[in-house]
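Trainee: Below: one structure in structure tokens.
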Amino acid sequence: MMPEEINNGNGPTEEISNAEHDDKKVAIHEISCSNCGAPLSYIEGEAVITCEYCGTTTMLAGYDNIVTVESHYLLPPKVGRDEAIGIASGWLKKGFYKSKDLPNKVSWKKTEARVLPYWIVRCTGNTRWSGMQKRTKTTGEGKNKTSETYWEPVQGRITDDYTWPVYAREDTSEFWGIRNIEPGKQCVFPDWGKFIFRIGGSKRAPNKDLLEGKMDFSIDELKKLNMQEHIINGQIIQEKAEVSARNRIIELHQQKAEGKATKITDVDTTIDVQGVDLVYVPIWELEYAYKDKNYHILVDASRQEVLSGEAPVGKWAKATVFDIIFLLIAVIFAAIGGTTDGVSWPWIGAGVFGGSAVAYSIWTATMKE
Ligand SMILES: [Zn+2]
């Protein structure tokens with residue numbers, strides 16, 4: 001036996017080291033709110049701190065540089081825990097791949113309220129690009145027809161307005177689902193279990209304007225749903241958020257330009273920033289159990305919709321996918337059988353695949369879900 005295997009057991013050694021890790025001292029600092037004087041405690045590394053009494057946000061922008069964030073908004077929360085579960089339950093029975101009575105079979109476990117900080121960089125990206133386009137020219141007729149390729153210089157501009165969101169914390173994996181709600185990332189995760197034909201069900205996060213529906217930051221709005229204690233402080237200061245947005249947009253325009261011509265020789269992007277706002281987004285993270293497995297759902301407490309979620313695929317969705325594939329194969333065999341005389345194998349194939357589809361449906365009907 002290898003020495004590592006001895007250490008990997010469930011012995012007490014591992015537990016003690018985990019406990020030590022959890023208790024590892026995190027430096028907690030304190031400043032007083034510049035508006036109401038209340039003590040604001042924050043963890044080492046946090047630099048955007050919102051007072052849970054008056055709602056003033058203080059930013060530690062470097063040594064001796066403490067500023068109040070003026071452009072400060074909130075997407076007002078409209079749902080509490082129970083209503084969030086209601087929204088999640090509605091989502092759980094929607095769509096082809098989920099079982100209609102799934103909400104009745106899950107047990108809700110953990111619920112967490114969080115008010116997450118985002119910087120919104122309002123800006124215009126302007127790109128001039130130039131390059132070479134490969135073209136073909138055909139000359140002559142009939143037998144004399146020849147085509148030659150040649151290069152032509154091309155150029156153009158790309159201009160786009162953005163309200164670019166930058167999550168104000170370094171680690172997007174510390175809370176479930178944060179990474180999934182970035183535009184273009186996968187946000188819906190069907191769990192097909194052991195089923196191998198995993199077709200469809202997943203979804204990508206839309207690109208939406210986080211400032212839509214905003215109001216001036218109000219601690220009273222958060223207090224209505226008891227969310228004021230769940231404000232998450234930011235770690236990324238405004239300047240850094242702006243730099244991050246600039247870099248991402250430059251990257252995006254570079255990619256866009258590369259699709260415009262065969263060969264891009266020059267890309268020049270300037271970003272004109274109109275403003276940077278801080279907006280707090282209230283969310284509910286819900287965890288539920290289904291058949292000894294845990295799944296997560298993230299609900300937007302302001303827009304009252306599911307932002308990201310995981311869900312098991314229902315048995316009838318699997319049966320439908322299975323039957324479509326197997327019946328198609330059966331039809332192909334039957335078609336071969338119908339056009340070829342004197343051979344029996346296509347009919348045997350059609351029978352085997354068609355029979356399998358029927359058998360799978362019968363098995364599904366008897367299976368408990
Ligand atoms: Zn205060």
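Trainee: Using +1 at the Cβ of each Lys and Arg and -1 at the Cβ of each Asp and Glu in the chain, identify which of Gly90, Thr149, Ala261 lies farthest towards the dipole's positive end.
Mentor: Thr149
Trainee: Take every Cα pair under 8 Å in the chain that's 6+ residues apart, average their separations, divide by the length, and report that relative contact order as a whole percent.
Mentor: Value for the chain: 24 percent.
Trainee: Contact order normalised by length for segment 319-366, with contacts defined as Cα pairs under 8 Å and 6 or more residues apart; what percent is it?
Mentor: 48
Trainee: Specify whether the C-alpha gyration tensor of segment 253-369 places it in the rounded, prolate or oblate class, a ≥ b ≥ c being the square roots of the eigenvalues: rounded for a/c under 1.5, otherwise prolate if a/b is larger than b/c and oblate if not.
Mentor: Taking the square roots of the gyration eigenvalues as a ≥ b ≥ c, segment 253-369 is oblate.
Trainee: Pick out the long, greasy-scoring helices in the chain: whole DSSP H runs spanning 18 Å or more along their own axis by Cα, mean Kyte-Doolittle at least -1.0.
Mentor: Flagged H segments are 315-339, 345-366.
Trainee: Further, regarding this structure: Checking the cross-link filter: which aspartates and glutamates have an alpha carbon closer than 20 Å to that of Lys105, excluding same-chain neighbours under 8 positions apart?
Mentor: Asp82, Glu83, Asp191, Glu285, Glu287, Asp292, Glu310, Glu369
Trainee: Let me ask something else. Give, as a single signed number, the net charge of other residues whose beta carbon lies under 12 Å from the beta carbon of Gln238, with Lys and Arg counted +1 and Asp and Glu -1.
Mentor: That sum, taken over residues with Cβ under 12 Å, equals -3.
Trainee: What whole number of Å gives the distance from the Cα centroid of segment 324-369 to the Cα centroid of segment 203-218?
Mentor: Their Cα centres are 50 Å away from one another.
Trainee: If you place +1 on the Cβ of every Lys and Arg, -1 on the Cβ of every Asp and Glu, and leave all else neutral, what size is the dipole of the chain about its Cα centre, to the nearest 20 Debye?
Mentor: Its charge dipole is roughly 2100 debye.
Trainee: Let me ask something additional. Compute the signed sum of charges (Lys and Arg +1, Asp and Glu -1) over the other residues within less than 9 Å, Cβ to Cβ, of Tyr73.
Mentor: -1
Trainee: Past 24 Å, Cα to Cα, is the threshold; run Lys110/Lys293; Lys94/Lys315; Lys100/Lys291 against it and keep the listed order.
Mentor: none
Trainee: Among Lys240, Lys98, Lys224, Lys368, what is the fewest-to-most ranking by other Cβ atoms within 10 Å?
Mentor: Exposure proxy ranking, most exposed first: Lys368, Lys224, Lys240, Lys98.
Trainee: Are there cysteines in the chain with no second cysteine's Cβ under 4.7 Å away, and if so, which?
Mentor: Taking the Cβ cut-off of 4.7 Å, the unpaired cysteines of the chain are Cys123, Cys187.
Trainee: What's the exposure ranking of Tyr63, Tyr42, Tyr150, Tyr53, going from fewest to most Cβ atoms within 10 Å?
Mentor: Lowest to highest Cβ neighbour count: Tyr63, Tyr150, Tyr53, Tyr42.
Trainee: Quick one, can you get me the convex hull of the C-alpha atoms of segment 26-313 expressed as volume per residue in Å³?
Mentor: Taking the convex hull of the Cα positions in segment 26-313, it is 192 Å³ per residue.
Trainee: Sticking with this one: Quickly rank 84-94, 261-271, 306-316 as a protection proxy: mean count of other C-beta atoms within 10 Å, highest first.
Mentor: With the highest mean Cβ count within 10 Å placed first, the list reads 306-316, 84-94, 261-271.
Trainee: So how do Phe175, Phe96 line up by other beta-carbon neighbours within 10 Å, fewest first?
Mentor: Phe96, Phe175
Trainee: Taking only DSSP H segments of four or more residues, each worth -39500 (n - 2.57), what value at 222 nm results for the chain once the sum is divided by all its residues, to the nearest 500 deg cm²/dmol?
Mentor: Estimated from H runs of four or more residues: -9000 deg cm²/dmol.
Trainee: A follow-up question, please. Beyond a 27 Å Cα-Cα separation, which of these cross-linked pairs lie in this structure: Lys93/Lys214; Lys93/Lys208; Lys109/Lys214; Lys78/Lys194?
Mentor: Check vs 27 Å cut-off fails for Lys93/Lys214; Lys109/Lys214; Lys78/Lys194.
Trainee: Check cross-link reach from Lys263 to the lysines: straight Cα distance under 26 Å, and skip same-chain residues fewer than eight apart.
Mentor: Of all the lysines, those that pass the test against Lys263 - Cα under 26 Å, at least 8 places apart if same chain - are Lys134, Lys137.
FYI, it's all coordinate maths here, none of it is from the lab. A quick note: this is a predicted structure, and the numbers were derived from the prediction, not measured. Neighbour counts are summed over all protein chains in view; Cβ atoms, including those assigned to glycine, are modelled from backbone coordinates with ideal geometry.
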